[in-house]
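Peer 1: Pasting a structure below so you can have a look.
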2 protein chains.
Amino acid sequence: MPLDNHPIIRKIESIARLSDEEREVLRHLPVSIRDYERRQEIVREGESPVHSCLLIEGFASRFKLLEDGRRQILGLHVPGDIPDLQSLHLHRMDHHLATVSPCRLGFIRHHDLNEMNARNPRIAAILWRVTLIDAAIHREWVVRVGQRSARQRMAHFLCEMFLRLEAVGLAVNGRCVLPLTQADMADALALTNVSVNRMLVQLKKDGLIALEGRLLQVLNWGGLMRSAHFDPGYLHLNPERVISTLSVPRVHSGDAGAAASR
Amino acid sequence: MPLDNHPIIRKIESIARLSDEEREVLRHLPVSIRDYERRQEIVREGESPVHSCLLIEGFASRFKLLEDGRRQILGLHVPGDIPDLQSLHLHRMDHHLATVSPCRLGFIRHHDLNEMNARNPRIAAILWRVTLIDAAIHREWVVRVGQRSARQRMAHFLCEMFLRLEAVGLAVNGRCVLPLTQADMADALALTNVSVNRMLVQLKKDGLIALEGRLLQVLNWGGLMRSAHFDPGYLHLNPERVISTLSVPRVHSGDAGAAASR
DNA sequence: CGGTTATTTGATGGGAATCAAAGGTTGTGG
DNA sequence: CCACAACCTTTGATTCCCATCAAATAACCG
């Protein structure tokens, strides 16, 4: 099954099992591919798109702009995601969608999706589920922004991104590429770029991560999770597909305690 | 059509049009009614419910508990809502659901919902849409908690609750019942009860609202919206059904400016 | 390379948290 | 119907985390 490397199938299989038939149906959906540069708009708030897009390569972000120009990022999307699937049934966009890095997107007409869904209730349910996981991530986003300290937010965010990337095969050996600026992370975490920078410095100093350019290396997964109070349940990853290259170290590294307290 | 007063139908018709047939199908779903007292758990994090519940009367809240006992409320639900509809396809609860006030709930088996959905793709799409609106509210919740000042959060929250109650006929003449303690609002807004109290005092002083016990009276809808920078788009209410008893006053009441600036 | 964009570090200030305690309200049982 | 307890609201004083302001590198890119 070499074609299982197709991003949407990888992604969906990380959260649900597919029959060969269903894989076939998905593979044959008409998709028009288009490449975007970094920081291009895909859909704007207020629009009523007639497609949804599958993110094939690159990172995208959903955000709202405030009256004074501040930006709150509501979610980040990685290959395999369908960042505006909600527009299938919510006809007016209530937020923006834009690329963060150069992206390849596959656009699928709502018409085709609706037809597929009417014929394949099981696939419809899986896509519904995809949007529900999206909502689950939104909920954790609320908690992160509402209740967590700057340091916890940063660590929690890195945990989430790492696991989501791992689920689609984009993180190996504790390493992944995060094509985000610190200002991007600030808008995601409701912090300033200054605070983001300071927290990253801390996490590095504490030996939890290394970060050079856009390459993130998780040095101490257990410590990172603990200092974030991270619980991956909300990602609703399929346990069988979670690669978990990162065993939680049993060591009481002392550092983790320090991490939690500061 | 007197039965249109049935809460689920009122609610769904506030966001989508139903055929008589569809109304029929919905009315005949097996529902088992159960009454709850104030502050009772309905579903706990970690459980895998086999029902979803329709909130017929009362208020419910969804929340996560943190390691130290803090609570972040992720959403409040009003009659007509189906607060755990997501459990239909996300089998493990990633948060708690509990009553805020005494409630009457109607439980519908997932089995029955799935059967209905497989047979009625249009109803399935409407229910999907219900969960998507839920997610849209989560997104605005992120913005509120992430970017708004204490005063804006409070005003924004009141705007949202008022419109949602109005959409199901539970707000008239600018008045509605909000059976929440200030501590509840604090957990929703990621503030302390002290701050909530201070902001409520401010909003009263500025003549935007009156609040006696659990009865909220909106005195200046335009001013309240402006001081919250509230834009109702994210609620995805059906424009035809939005009652809007509250015309936005064209007066530049001076107060609104003061409201925005402080 | 020069110019823009991104990261890093230091100094200062403010908005809301925290701490503390006094009033109100509600409900229950004597 | 009063009294007491539990809960909720209100107000004041103090603290602290992170935003803000400022400026010096460093990295990227055409």
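The values are calculated or read from the model by the stated rules, or taken from the named source; none is laboratory data. Small disclaimer: the values here were computed from a predicted structure and weren't measured. A quick note on method: Cβ atoms are made from the backbone with ideal geometry, for glycine too, and the neighbour counts reach across all protein chains shown. Heads up: the accessible areas ignore ligands, DNA and RNA and are worked out on the full protein's heavy atoms, side chains in. Shrake-Rupley method; radii C 1.70, N 1.55, O 1.52, S 1.80 Å.
Peer 1: Of all residues in segment A:135-151, count the ones that are basic (Lys, Arg), surrounded by fewer than 23 Cβ atoms within 10 Å (Cβ to Cβ) and within 9 Å of another protein chain (Cβ to nearest Cβ). Don't jump to the end; show me each part of the working.
Peer 2: In the first step, residues of segment A:135-151 are kept if they are basic (Lys, Arg); the result is A:139, A:144, A:148, A:151.
Subsequent filtering for residues that are surrounded by fewer than 23 Cβ atoms within 10 Å (Cβ to Cβ) retains A:148, A:151.
If we keep only those that are within 9 Å of another protein chain (Cβ to nearest Cβ) too, we end up with A:148.
Residues meeting the conditions: 1.
Peer 1: Could you identify the single residue in A:MET185, A:MET154 that is under 21 Å from A:PRO102 (Cα atoms), at pLDDT 95 or above, within 16 Å of DNA strand C (Cβ to nearest atom) and out of contact with any strand residue (DSSP E or B) (no Cβ under 8 Å at 6 or more places or on another chain)? Break it down into steps so the answer makes sense when it comes.
Peer 2: On the way: A:MET154 fails: under 21 Å from A:PRO102 (Cα atoms).
When all the criteria are applied, what remains is A:MET185.
Peer 1: Could you tell me whether any residue of segment A:82-99 is within 23 Å of B:GLU140 (Cα to Cα), surrounded by fewer than 23 Cβ atoms within 10 Å (Cβ to Cβ) and away from chain B (no Cβ under 14 Å)?
Peer 2: The answer is yes; a qualifying residue exists.
Peer 1: Among A:LEU219, A:LEU203, A:LEU237, which is the only one that is at pLDDT 95 or above and either crowded, with 21+ Cβ neighbours inside 10 Å or under 19 Å from the mean Cα position of the chain (by Cα) (or both)?
Peer 2: On the way: A:LEU219 fails: either crowded, with 21+ Cβ neighbours inside 10 Å or under 19 Å from the mean Cα position of the chain (by Cα) (or both); A:LEU237 fails: at pLDDT 95 or above.
None of the other options fit; the residue is A:LEU203.
Peer 1: Against the definition (surrounded by fewer than 18 Cβ atoms within 10 Å (Cβ to Cβ), at positive phi and modelled with pLDDT of 95 or more), how does A:GLY213 come out, yes or no? Please lay out each step first, then the result.
Peer 2: Working: surrounded by fewer than 18 Cβ atoms within 10 Å (Cβ to Cβ): yes; at positive phi: yes; modelled with pLDDT of 95 or more: no.
Here the answer is no, as A:GLY213 does not meet what is asked.
Peer 1: Which of the residues belonging to segment A:126-151 are polar (S, T, N, Q) and either over 17 Å from A:PHE63 (Cα atoms) or not assigned by TED's automatic domain parsing to the domain that holds A:SER61 (or both)?
Peer 2: Kept after step one, since they are polar (S, T, N, Q), are these residues of segment A:126-151: A:131, A:147, A:149.
Answer for segment A:126-151, where residues must be polar (S, T, N, Q) and either over 17 Å from A:PHE63 (Cα atoms) or not assigned by TED's automatic domain parsing to the domain that holds A:SER61 (or both): A:GLN147, A:SER149.
Peer 1: Let me confirm something: among A:GLY222, A:GLY233, which residue is over 22 Å from A:GLY75 (Cβ atoms), free of Cβ contacts under 8 Å to residues at least 40 places away in the same chain and either touching a Cys at 6+ places or on another chain (Cβ under 7 Å) or of a type outside the set (A, V, I, L, M) (or both)? Reasoning before the result, please.
Peer 2: Numbers: A:GLY233 fails: over 22 Å from A:GLY75 (Cβ atoms).
The conditions single out A:GLY222.
Peer 1: Would you pick out the residues in segment A:216-234 that are of a type in the set (A, V, I, L, M, F, W, C) and either in contact with a strand residue (DSSP E or B) (Cβ under 6 Å, 6 or more places away or on another chain) or more than 17 Å from A:VAL145 (Cα to Cα) (or both)?
Peer 2: Taking segment A:216-234 as the starting set, the residues that turn out to be of a type in the set (A, V, I, L, M, F, W, C) are A:216, A:218-219, A:221, A:224-225, A:228, A:230.
Selection gives A:LEU216, A:VAL218, A:LEU219, A:TRP221, A:LEU224.
Peer 1: List every residue pair whose Cβ atoms sit under 8 Å apart, with the two residues 6 or more apart in sequence or on different chains, where the first one lies in segment B:186-206 and is farther than 20 Å from B:HIS138 by Cα and assigned to a helix (DSSP H, G or I) and the second, anywhere, is near DNA strand C (Cβ under 8 Å from one of its atoms) and basic (Lys, Arg).
Peer 2: Between residues of segment B:186-206 that are farther than 20 Å from B:HIS138 by Cα and assigned to a helix (DSSP H, G or I) and residues that are near DNA strand C (Cβ under 8 Å from one of its atoms) and basic (Lys, Arg), the close pairs are B:MET199/B:ARG151; B:MET199/B:ARG153; B:GLN202/B:ARG151; B:LEU203/B:ARG151.
Peer 1: Scanning segment B:58-72 for residues that are part of a strand (DSSP E or B) and aliphatic (A, V, I, L, M), which turns out least open to solvent (accessible area, probe 1.4 Å)? Write out each step before concluding.
Peer 2: Here is the first cut: in segment B:58-72, the residues part of a strand (DSSP E or B) are B:60-65, B:71-72.
Restricting the remaining residues to those that are aliphatic (A, V, I, L, M) gives B:60, B:65.
Working: B:ALA60: 1, B:LEU65: 90 Å².
Per the stated criteria, the residue is B:ALA60.
Peer 1: Let me ask another. Please enumerate the residues belonging to segment B:158-181 that are touching a helix residue (DSSP H, G or I) at 6+ places or on another chain (Cβ under 9 Å) and within 14 Å of DNA strand D (Cβ to nearest atom). Don't jump to the end; show me each part of the working.
Peer 2: In the first step, residues of segment B:158-181 are kept if they are touching a helix residue (DSSP H, G or I) at 6+ places or on another chain (Cβ under 9 Å); the result is B:158-160, B:162-164, B:167-172, B:174, B:176-178, B:180-181.
If the condition is that a residue be touching a helix residue (DSSP H, G or I) at 6+ places or on another chain (Cβ under 9 Å) and within 14 Å of DNA strand D (Cβ to nearest atom), then B:LEU158, B:VAL177, B:LEU178, B:LEU180, B:THR181 are the ones that fit.
Peer 1: Looking only at segment B:163-182, filter to residues that are assigned to a helix (DSSP H, G or I) and either within 14 Å of chain A (Cβ to nearest Cβ) or in contact (Cβ under 8 Å) with a residue 60 or more places away in the chain (or both); which one of those is farthest from DNA strand C (Cβ to nearest atom)? Walk me through how you get there before you give the answer.
Peer 2: Taking segment B:163-182 and keeping what is assigned to a helix (DSSP H, G or I), we get B:163-167, B:182.
From what is left, the residues that are either within 14 Å of chain A (Cβ to nearest Cβ) or in contact (Cβ under 8 Å) with a residue 60 or more places away in the chain (or both) are B:163-167.
Working: B:LEU163: 23, B:ARG164: 24, B:LEU165: 21, B:GLU166: 25, B:ALA167: 28 Å.
The residue in question is B:ALA167.
Peer 1: Can you find even one residue in segment A:103-121 that is surrounded by fewer than 16 Cβ atoms within 10 Å (Cβ to Cβ) and closer than 30 Å to A:ALA183 by Cα?
Peer 2: no
Peer 1: If you take the residues in segment A:183-211 that are within 13 Å of DNA strand D (Cβ to nearest atom) and within 22 Å of A:VAL168 (Cα to Cα), which one is nearest to the other protein chains (Cβ to nearest Cβ)?
Peer 2: The selected residue is A:ALA188.
Peer 1: Among the numbered criteria (1) over 27 Å from A:VAL201 (Cβ atoms); (2) not assigned by TED's automatic domain parsing to the domain that holds A:LEU76, which one does A:ARG109 miss?
Peer 2: For A:ARG109, the failing item is (2).
Peer 1: Looking at segment B:120-134, is at least one residue free of Cβ contacts under 8 Å to residues at least 60 places away in the same chain and either among the acidic types (Asp, Glu) or more than 10 Å from chain A (Cβ to nearest Cβ) (or both)?
Peer 2: yes
Peer 1: Restricting to segment A:73-108, count the residues that are in a strand (DSSP E or B) and touching a residue at least 40 places away in the same chain (Cβ under 8 Å). Please lay out each step first, then the result.
Peer 2: Kept after step one, since they are in a strand (DSSP E or B), are these residues of segment A:73-108: A:73-77, A:96-99, A:103-108.
Adding the requirement that they be touching a residue at least 40 places away in the same chain (Cβ under 8 Å) leaves A:73-76, A:96-99, A:103-108.
The total comes to 14.
Peer 1: The conditions are (1) at the interface with chain B (Cβ under 9 Å from one of its Cβ atoms); (2) under 25 Å from A:LEU165 (Cβ atoms); (3) in contact with a strand residue (DSSP E or B) (Cβ under 8 Å, 6 or more places away or on another chain), and A:GLU45 fails exactly one of them. Which is it?
Peer 2: A:GLU45 satisfies every listed condition except (2).
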